[in-house]
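The values are calculated or read from the model by the stated rules, or taken from the named source; none is laboratory data. Just so it is clear, the model here is predicted, and its values are computed rather than measured. Heads up, the Cβs are rebuilt from the backbone with ideal geometry, glycines too, and the neighbour counts pull from every protein chain shown. Just the protein is used for accessible areas: all its heavy atoms, side chains included, with ligands, DNA and RNA removed. Shrake-Rupley method; radii C 1.70, N 1.55, O 1.52, S 1.80 Å.
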Amino acid sequence: MTPASAKEHRNRVCLGIGRCFYENGISFNVATRPSFIGMVRSIGQYGRDLKPPTSYELRTWILNEEVKTTTTIVNDIKATWKKTGVTLMSDGWSDIRNRSLINFLVNNQYGTVFLKSVDASDCIKNVQKLFELLDAVIEEIGEELVVQVVTDNASAYKAVGALLMEKRKGLYWTPRAAHCFDLMLEKIGDLPQNKYALLKAKKVSNFIHNHQWVLSLTRKFAEKDLLRPATTRFETSFLTLESMHGLKQPLQSMFVSREWSNCA
């Protein structure tokens, strides 16, 4: 095969892969995942006569084999817990039914294992019930294995952390760093000199994003999006303010432009 025909052949294959991504709304980042690269290599090694798996195969024996593989990986990590000790991490969140759920994960230098998810709607602000819940998870893992417990920095969790350290002398409670940063940003945003700036930035950002024509004009002048979504509300506010400061010149140019002056 000549270089030109090889390139053309590859282009046809890539177009087929791209079409699969576009039709099914698959994130482009999937193309960087080791599993995607491994899949493409496996198909190439098999050759053109490969019969693709059916939907039935994907939900039966293929899924079962992948569960076995994942279970083996998890068990290999769990086997190292006695040697290293572990950190128990809790992550609270709310689902679309507004239930307060807590994910429990166990971490050491060999990896993070998802333990379970618990509906804690009836105890999310009850110190005693939260303590009993976390204490039961520690008992499930093994008290001698848990070196550290990481939770949010909310007042209820602070009290729970104190109770855990009082009962189980071999572990430490640590507030989650990301939550601490978020609380710090909230306090910084409440300072008078910052609160007014954030409020004005929010008004400008809301105005731009609530009017499609203005948003289009902003993108024309700034050549990038103004809003910078982040994990938390306060982080998003400060990142958007930073973005607005960086785009100060294009924004000023937009609001004195002929397009803006001629707009009804």
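What FRET efficiency, computed as 1/(1 + (r/R0)^6) with R0 = 30 Å and r the Cβ-Cβ distance, is obtained for Val127 and His209, rounded to the nearest 0.05?
Step by step, r from the Cβ atoms, then E = 0.15.
Go ahead and run the numbers for FRET between Leu15 and Asn64, Cβ-Cβ distance against an R0 of 35 Å, rounding to 0.05.
So the FRET efficiency works out to roughly 0.60.
Do you know the relative contact order of the stretch 21-165, to the nearest whole percent, from alpha carbon pairs under 8 angstrom that are 6+ apart?
Relative contact order for the stretch 21-165 comes out at 19 percent.
Take every Cα pair under 8 Å in the stretch 196-264 that's 6+ residues apart, average their separations, divide by the length, and report that relative contact order as a whole percent.
Relative contact order, the stretch 196-264: 30 percent.
Largest first and in whole Å, give the semi-axes of the chain's equivalent ellipsoid, each being the square root of 5 times a Cα gyration tensor eigenvalue.
Semi-axis lengths for the chain are 41, 38, 15 Å.
Show His209, His179, His245, His9 ordered by accessible area, largest first, where the area counts protein heavy atoms only and the probe is 1.4 Å.
So, going from the largest accessible area down, we get His245, His9, His209, His179.
Can you pull out the chymotrypsin sites (Phe, Trp or Tyr not before Pro) in the stretch 35-65 that DSSP calls coil and that have at most 13 other Cβ atoms within 10 Å?
Answer in residue order: no site qualifies.
With springs only between Cα atoms under 10 Å, which of Lys169, Lys78, Lys224 fluctuates most in a Gaussian network model of the chain?
Lys224
Which is farthest toward the positive dipole end of the chain among Asn98, Pro34, Val118, measuring Cα position about the Cα centre, with Cβ charges +1 (Lys, Arg) and -1 (Asp, Glu)?
Pro34
For the stretch 87-127, I need the span (max minus min coordinate) of the C-alpha atoms along each principal axis, in Å, sorted largest to smallest.
In descending order, the Cα extents are 34, 24, 11 Å.
Could you give the spread of the C-alpha atoms of the stretch 155-263 along their three principal axes, from largest to smallest, in whole angstroms?
71, 26, 21
Anyone know which of Ser42, Ser117, Ser205 comes out most mobile in the 10 Å Cα GNM of the chain?
Ranking Ser42, Ser117, Ser205 by mean-square fluctuation puts Ser42 first.
For the stretch 21-119, take N as its residue count and report Rg(C-alpha) divided by 2.2 N^0.38 Å.
The value comes to 1.45.
Hey, got the dipole for the stretch 1-62? About the Cα centre, +1 on K and R Cβ, -1 on D and E Cβ, debye to the nearest 20?
Roughly 100 debye for the stretch 1-62.
Using a Gaussian network model of the chain whose springs link C-alpha atoms within less than 10 Å, name the residue from Asn64, Asn206, Asn24 with the highest mean-square fluctuation.
Asn24
Keeping all protein chains in place, calculate the accessible area per residue for the chain (probe 1.4 angstrom), answer in Å².
70
State to the nearest 20 debye the size of the charge dipole of the chain about its Cα centre, where the only charges are +1 on K and R beta carbons and -1 on D and E beta carbons.
Rounded to the nearest 20 debye, it is 900 debye.
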